[in-house]
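Have a look at the structure below, then the notes.
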Amino acid sequence: MAASDNFPVSLSSLHFPSAEQSISQTLSSLRRSALSVANRLHSIETDACFVSEVADHYDLPLVANERCGSWYIPPETKSGSAYFKSTDGHTGQWDFSFRRLNLQILPVAREHGGCIIVDSTRRGKLMPDALSKTVPIWCAVMNRALFPSEPAYHAVQLPPNFLGPSEESQIERRIDGFVQSLKDLKLDLDDLRKQLGKPIRVAWANRTYFHPTDLHKGDGYHLFVLCSASKRVHGAEMSEGGYIQGAGDDSEGWAHGLTPPVFWANKSTLFQTTEEDLPGVIQGLVEDYRKKDTSQQATLITPTQNLYISQTDSRLNDAGIYDLVIDCNGNPAAAEGNPKRLNLGCGPGKLGSRDLRKHLDSVQAFVSSQLASDPSRSLLVTCESGKDLSAGALLAVLCLFYNDNGKFTSNQTQVIGKQFIRQRLAWITSAKHDVNPSRSTLQSINAFLM
């Protein structure tokens, strides 16, 4: 009978945990485990192997559609970056972005006969809207604007049996309007035509199909292959043995600061590290990479000869390379008594965009006083990212003080309207291709200038 002491003797002594809570906790734990950093990195490596196979098949260079495309391309095989947004391909919102013109890929295509644009998308989708609609829209606009005498390439080239006839026809009807808006930027279309050389044909490559199956680069066109790197997953991540579709997406939320260059340079170390140790190891690797990275440099905004933009970096700001510096996020007290430097003290994000509006009077006064006496002085404008507030401040300077030839003038006679501002913004985005001023920043600039 003593053995019975080891068992419950009544129903009330039995303990039943909450089934609902237990199942929920178990599923959450399994999902977190499936979405681990290690699983993401191994999934990225798997997808990168497919991208490499596509590059070998077409004999074309790889261009990353940022932000996530760079995860799938080793830096030594990456020929450039593009910035095509999926939101510009969302149903009913089809657009041609004038903040992201992507003109930097034209000479890449001319040199190699085309390129492969690499992106991925999350679970359940075959390809991102950027590859199914945004890039095809861009290609149609470029073909019509740069090669008006070649109507065979003017139709929007869309993936087969992917969109409905209604959506395809609605996209087609918008193209001519986009072409006219591109012409209104007053860019040198003859020069862009020379940079590209031939019209564009579009093909698709994903884990389900290549289309068209027999298309390669040719004499009469440049081939743009739109490659979706990840395998399509219909069920939950837990059903794929650790594989994560679109593993490189939204890396700010999972990567602990890891970037594609650091990942590819330290892949074996990362794969040998336990999940709990990864955050600390990543932090050390990122810091080491930052110390060794000497690639930071400012970008000249043509057609001016003296305006530059970059991410804030003491190696640039304090080295005396530039005659004048405006640092959008810098502490104003640190620049007191220095007539060649203006620190605006803007905060981060949307707060910074609102702060910038308050300081544009100071920017105008600084530039007027410093460049009126010597317009040849170089001016560097920086912010924490080198893409947002600095682009906004520089846009204001271009609109207030520079004519259509990129020459400084203290008496700007042109009426500043939205189209004029858009033209000047095109100078910035054409020179520095990753510039992406937020809507809040552009609203602040428009409100100040108009």
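Surface analysis of the range 101-181 yields an accessible area of 38 Å² per residue, using protein heavy atoms and a 1.4 Å probe.
Converting the Cα gyration tensor eigenvalues of the range 299-447 into ellipsoid dimensions via √(5λ) gives semi-axes, longest first, of 20, 18, 15 Å. Computed over the Cα atoms of the range 58-141, pair by distinct pair, the Kirkwood hydrodynamic radius stands at 13.2 angstrom.
In this structure the amide hydrogen of residue 223, modeled in the peptide plane, comes within under 5 Å of the amide hydrogens of 114, 115, 201, 218, none closer than 5 places in sequence on its chain. Residues whose amide H falls under 5 Å from that of residue 157, counting only those 5 or more places apart or on a different chain, are 140, with hydrogens built in the peptide plane. What FRET efficiency do you get for residue 184 and residue 403 if R0 is 22 Å and r is their Cβ-Cβ distance, rounded to the nearest 0.05? Once the sixth-power term is evaluated, E becomes 0.80.
Check the straight Cα-Cα distances from residue 358 and name the lysines below 17 Å, setting aside those fewer than 8 residues away within the same chain. The reachable lysines, counting only those whose Cα sits under 17 Å from residue 358, are 350. Close amide H pairs (under 5 Å, H built 1.01 Å from N) link residue 247 with no residue at least 5 positions away or on another chain.
Mind checking the angle between helix 439-449 and the chain's longest principal axis? C-alpha axes, 0 to 90 degrees, to the nearest 10. Rounded to the nearest ten degrees, it is 20. Here the Karplus relation 6.51 cos²θ - 1.76 cosθ + 1.60, evaluated at θ = phi - 60°, turns the backbone of the range 206-213 into coupling constants of 9, 6, 9, 7, 9, 9, x, 5 Hz, with x for every Gly and Pro.
In the chain, the DSSP-assigned H stretches of four residues or longer account for a calculated mean residue ellipticity at 222 nm of -12500 deg cm²/dmol, using -39500 (n - 2.57) per stretch and the full residue count as denominator.
If you count the DSSP beta bridges with both ends in the chain, what percent of them are antiparallel, to the nearest 5? Don't jump to the answer; show the numbers that get you there.
Working: 5 of 36 bridges.
Of those bridges, close to 15 percent are antiparallel.
Scaled against 2.2 N^0.38 Å for its residue count N, the alpha carbon radius of gyration of the range 121-186 is 1.21.
Could you sort out which of 85/387; 183/407; 267/291; 133/267 sit more than 25 Å apart by Cα distance in this structure?
133/267
Label-to-label distance for residue 168 and residue 213 is 2.0 nm, based on points extended 7 Å past Cα in the beta-carbon direction.
The residues of the range 299-447 present an accessible area of 44 Å² per residue when probed at 1.4 Å with all protein chains retained. Take the Cα of residue 111, go 7 Å toward its beta carbon, and the backbone nitrogen atoms of the range 48-92 under 13 Å from that spot belong to 61-63, 77-81.
Surface composition of the range 299-447: carbon plus sulfur atoms contribute 46% of the solvent-accessible area (1.4 Å probe, protein chains only, all chains present). The DSSP beta bridges internal to the range 299-447 are antiparallel in roughly 20% of cases. The phi-based Karplus calculation (6.51 cos²θ - 1.76 cosθ + 1.60; θ = phi - 60°) puts the 3J(HN,Hα) values of the range 275-286 at 4, 5, 8, 4, x, x, 5, 4, 4, x, 5, 5 Hz, whole numbers, x for Gly and Pro. Taking the alpha-carbon distance from residue 231 and a cut-off under 15 Å, which aspartates and glutamates remain once sequence neighbours fewer than 8 residues away in the same chain are dropped? Cross-link targets: 45, 47, 53, 119, 240, 249. Computed 3J(HN,Hα) for the range 356-367, one whole-Hz value per residue from the Karplus formula 6.51 cos²θ - 1.76 cosθ + 1.60 where θ = phi - 60°, is 4, 4, 5, 9, 5, 4, 5, 4, 4, 5, 5, 5, glycine and proline marked x.
Starting from the Cα coordinates of the range 207-278, work out the convex hull volume and express it per residue in Å³.
Details: hull volume 11.9 nm³, N = 72.
It comes to 166 Å³ per residue, whole-number rounded.
In percent, rounded to a whole number, the relative contact order of the chain is 16, using alpha-carbon pairs under 8 Å and six or more apart.
The values are calculated or read from the model by the stated rules, or taken from the named source; none is laboratory data. Treat the numbers as computed from the prediction; the structure is a model and nothing was measured. All Cβ positions, even for glycine, are placed from backbone atoms using ideal geometry, and neighbour counts span all protein chains on display. When the accessible area is computed, the model is the full protein with side chains, heavy atoms only, and any ligands, DNA or RNA have been set aside. Shrake-Rupley method; radii C 1.70, N 1.55, O 1.52, S 1.80 Å.
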